[in-house]
1. For residue A:207, work out the one condition from (1) at pLDDT below 90; (2) under 20 Å from residue A:272 (Cα atoms) it doesn't fulfil.
2. Take the stretch B:7-17 and flag every residue that is within 7 Å of another protein chain (Cβ to nearest Cβ) and either under 11 Å from residue A:108 (Cα atoms) or within 11 Å of the chain's Cα centre (by Cα) (or both).
3. Mind checking whether some residue in the stretch B:74-96 is part of a helix (DSSP H, G or I), farther than 18 Å from residue A:160 by Cβ, modelled with pLDDT under 95 and more than 8 Å from chain A (Cβ to nearest Cβ)?
4. Cβ-Cβ below 7 Å, separation at least six or inter-chain, first residue in the stretch A:142-160 and within 11 Å of chain B (Cβ to nearest Cβ) and modelled with pLDDT of 80 or more, second surrounded by 19 or more Cβ atoms within 10 Å (Cβ to Cβ) and part of a loop (DSSP other than H, G, I, E, B): which pairs?
5. I'm told residue A:293 meets every condition in (1) over 20 Å from residue A:206 (Cβ atoms); (2) not in a strand (DSSP E or B) except one. Can you identify the failing condition by its number?
6. What number of residues within the stretch B:100-118 satisfy the criterion of being out of contact with any strand residue (DSSP E or B) (no Cβ under 9 Å at 6 or more places or on another chain) and within 13 Å of another protein chain (Cβ to nearest Cβ)?
7. It is to be established whether one or more residues within the stretch A:68-79 are in a helix (DSSP H, G or I) and touching a residue at least 60 places away in the same chain (Cβ under 8 Å).
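The values are calculated or read from the model by the stated rules, or taken from the named source; none is laboratory data. Computed from a predicted model, the values in this text were never measured in an experiment. Here the Cβ is made from the backbone with ideal geometry for all residues, glycine too, and neighbour counts use every protein chain on show.
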């Protein structure tokens, strides 16, 4: 953790997973402020009564006491940072180790379905598809954990490749079709220019879109609609996914993009999720020189958008 | 004529699955399970493209790229990294050494890997 070298309070707080008010730089400022105030107080109280020696001793005592207390607090912060870092590294190592066998399972199922489908009975095929689905869910969870660990370590790597957004949106919508059909939800996609391209990491951008679309389905009402829209504006494109679902209560809005945060409505309704999706999506979009925003009316639905530069 | 591909992967399960899938896609497949064998196979078989893991026994992926780039006969063979690493520093290092592109293993289906191989072969 780059606490001592990095004086940016917000970044420190993010790296340590704490609030801005607990960041070491902020605490240093508070300490300096307290020292100045106390020194002034001591000076005013003792200027008429005490000898200059007494004044100096009192001022030194103020500085020593405050610095000692501050040192204890900041040392604890450093320890916390260390533990946080170890936690991230642990998650990162475990996720890596899990990825190899998960990849093996995924590839072998794909090989089986591509080359040996004819030899399988209908029931066997059905079971293979189920294994495939479960494997995909597990892979996604491991990927999410790995992404979060990388974001925390400031090491989320994004490729810089041209992405055809129409193709990608079509792919994500197709992928979520089954989930939508399950709740009788219709996904309506805007007309998108077939050569609309952005520069980012295709797999990561797929994660962003998949997150927004699957959220819009999961948090929608039965028989609701999901609208995917695109607005282009001078070298930028804004992609939005709107639902007709439960919406986000006022008091939860500030925490939406926090890691592991899940809204009360989601937990109550038994909607599956880890609370990592929006946190990861926001980080990917921001690293693609874009920004993320949302609008929501409780009981009527939400709209999540991200804006990125186009090619 | 089938394109010749060298797969360098130490995990036997992944290696066999990849080899079988690519074979069915009409590639002529050669495999290697460590860095030294990879360099030997590249020099002796002159593949059209190399699919290379980074963490390998004996010589790692970076060393394999360096050796290949030193050899006039094989230095222009496109190399696709297929790795589970995916941190910025790992990838930048490999690309700086001369790898053509990289794919993070768990993120790509076999069919998508084949697509990327074909794309790279067309460009190369």
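1. (1)
2. B:13, B:14, B:17
3. No, the stretch B:74-96 has no match at all.
4. Sorted first by the residue in the stretch A:142-160, then by its partner, the pairs are A:147/A:156; A:150/A:156; A:158/A:201; A:158/A:288; A:159/A:201.
5. The single condition residue A:293 does not satisfy is (2).
6. Step one: list which residues in the stretch B:100-118 are out of contact with any strand residue (DSSP E or B) (no Cβ under 9 Å at 6 or more places or on another chain), which gives B:106-107, B:109-111, B:114-115, B:118.
Pick out the ones that are also within 13 Å of another protein chain (Cβ to nearest Cβ) and you get B:106-107, B:109-111, B:114-115.
Of the residues in the stretch B:100-118, 7 are out of contact with any strand residue (DSSP E or B) (no Cβ under 9 Å at 6 or more places or on another chain) and within 13 Å of another protein chain (Cβ to nearest Cβ).
7. Our first condition is that a residue be in a helix (DSSP H, G or I); within the stretch A:68-79, this holds for A:68-79.
Checking which are touching a residue at least 60 places away in the same chain (Cβ under 8 Å) leaves us with A:77-78.
Within the stretch A:68-79, one or more residues are in a helix (DSSP H, G or I) and touching a residue at least 60 places away in the same chain (Cβ under 8 Å).
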